[in-house]
């Protein structure tokens, strides 16, 4: 018995030690678990704090943006209110003006009387135009017509590919004028043809125009330059070359809607001078693209008469007038030998079907301008940058006159 008791005590001590050992292990596991959970909670709390800070910042930014929009909206509301007030004032003024106009509108009988008067004035103007057309007389030996282009003389090569040069056709004048390019505002004036041809000679005068020209259909007469004002449809200006100032201008009715010659697409109005005075040649789209010639009063630029011709603008490169007869020069768009294939006589004494085709001397290029000088009986032409003179033969009473 005494031997069992110590053995029991030893076993009991071992059991108590084992239980205590197991309890300590469980406590350590629980503590580790709690520590991990606390660490996870701390991490989530940090994330939450960061999210809260970000949301707070975004809320502040959005609030600032909304305050800016509200300020802009307040300004716009003030502007709209101001505009509405101004509109109300204008509406009130318009109502007063409408009331004033209603009191000023004529009665139907007065309108009918004005229409009748306008119709009478139109008929009177048409009759006056026909009378003036009938009164145009042949002057300065204008019973002659072109027989042939006699000879060619290349005078010089100056300026651009396109341009215009001519001699002042007024009596006693020997001045030569050169206008280079299809758009410019500088005119070179030479005292004579000899001065123009001399290589060492400089222009006697450089005239600065108040407006640019368009195309190459200009003329000079008695010291005045007549040209198509650039950036306008049909305005012709008259400039005094002594001081470069505009003395007159006019709008040519129905002109400027298409190039006068299809082979010179930059020229819409072509001025010309012959024994009868100043002319304008243009193409009329409503007349099938055929050419129209208008006689202008050289002093006032008033329209004296207008003629519709059967000469087409297609494949035309230029035209000129002699004694009231229009001669149209044709070519090809590739350049070739120029020919006169159509003419129109305002006196109805010469007809295209009775006149043979006339050839220019053989030079395979094309003209950008052709101007007739009634005193010299010569054509001043711009041929691919070359200043060229053609002598012509005229016919009178079945006799050929060589000029």
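The values are calculated or read from the model by the stated rules, or taken from the named source; none is laboratory data. In this text, all values refer to a predicted model and were calculated from it rather than measured experimentally. Here the Cβ is made from the backbone with ideal geometry for all residues, glycine too, and neighbour counts use every protein chain on show.
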In region 185-196, anything touching a residue at least 24 places away in the same chain (Cβ under 8 Å) and either under 17 Å from residue 266 (Cβ atoms) or buried (at least 20 other Cβ atoms within 10 Å of the Cβ) (or both) is listed as 185, 187, 189, 196
I'd like to know if region 197-218 contains one or more residues that are surrounded by 19 or more Cβ atoms within 10 Å (Cβ to Cβ), within 23 Å of the chain's Cα centre (by Cα), farther than 14 Å from residue 271 by Cβ and in contact (Cβ under 8 Å) with a residue 24 or more places away in the chain. yes
Hits in region 146-163 (condition: outside any strand (DSSP E or B), over 19 Å from residue 241 (Cβ atoms) and in contact with a strand residue (DSSP E or B) (Cβ under 6 Å, 6 or more places away or on another chain)): 160, 162
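Among the residues of region 356-365, is any modelled with pLDDT under 95, under 29 Å from the mean Cα position of the chain (by Cα) and more than 26 Å from residue 253 (Cα to Cα)?
Pass one, region 356-365, residues modelled with pLDDT under 95: 356-365.
Add one more test, that the residue is under 29 Å from the mean Cα position of the chain (by Cα), and what stays is 365.
Imposing the further condition that a residue be more than 26 Å from residue 253 (Cα to Cα) reduces the set to 365.
Looking through region 356-365, at least one residue is modelled with pLDDT under 95, under 29 Å from the mean Cα position of the chain (by Cα) and more than 26 Å from residue 253 (Cα to Cα).
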Look at residue 174 and say whether it is within 17 Å of residue 280 (Cβ to Cβ) and surrounded by fewer than 20 Cβ atoms within 10 Å (Cβ to Cβ). no
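Can you spot a residue in region 219-240 that is buried (at least 19 other Cβ atoms within 10 Å of the Cβ), in a loop (DSSP other than H, G, I, E, B), modelled with pLDDT of 95 or more and in contact with a strand residue (DSSP E or B) (Cβ under 7 Å, 6 or more places away or on another chain)?
Pass one, region 219-240, residues buried (at least 19 other Cβ atoms within 10 Å of the Cβ): 219-220, 224-229, 235-239.
Next, from what is left, pick out any that are in a loop (DSSP other than H, G, I, E, B): none.
No: zero hits.
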Which of (1) buried (at least 19 other Cβ atoms within 10 Å of the Cβ); (2) under 15 Å from residue 380 (Cα atoms) does residue 182 not meet, given it meets every other one? (2)
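Just for region 267-277: of the residues that are modelled with pLDDT under 95 and in a loop (DSSP other than H, G, I, E, B), which one is surrounded by the fewest Cβ atoms within 10 Å (Cβ to Cβ)? Don't jump to the end; show me each part of the working.
Here is the first cut: in region 267-277, the ones modelled with pLDDT under 95 are 274-277.
When the remaining residues are screened for being in a loop (DSSP other than H, G, I, E, B), the result is 275-276.
Values: 275: 18, 276: 21.
Restricting to residues being modelled with pLDDT under 95 and in a loop (DSSP other than H, G, I, E, B), the top hit is 275.
Does region 358-381 include one or more residues that are without any contact (Cβ under 8 Å) to a residue 24 or more places away in the chain and out of contact with any helix residue (DSSP H, G or I) (no Cβ under 6 Å at 6 or more places or on another chain)?
To start, the set of residues in region 358-381 that are without any contact (Cβ under 8 Å) to a residue 24 or more places away in the chain comprises none.
Taking every residue of region 358-381 in turn, none turns out to be without any contact (Cβ under 8 Å) to a residue 24 or more places away in the chain and out of contact with any helix residue (DSSP H, G or I) (no Cβ under 6 Å at 6 or more places or on another chain).
One line per residue, one yes/no per condition, for (1) over 33 Å from the mean Cα position of the chain (by Cα); (2) in a helix (DSSP H, G or I); (3) at pLDDT 70 or above:
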position	(1), (2), (3)
118	yes, yes, yes
127	yes, yes, no
137	yes, no, no
165	no, no, yes
169	no, no, yes
173	yes, no, yes
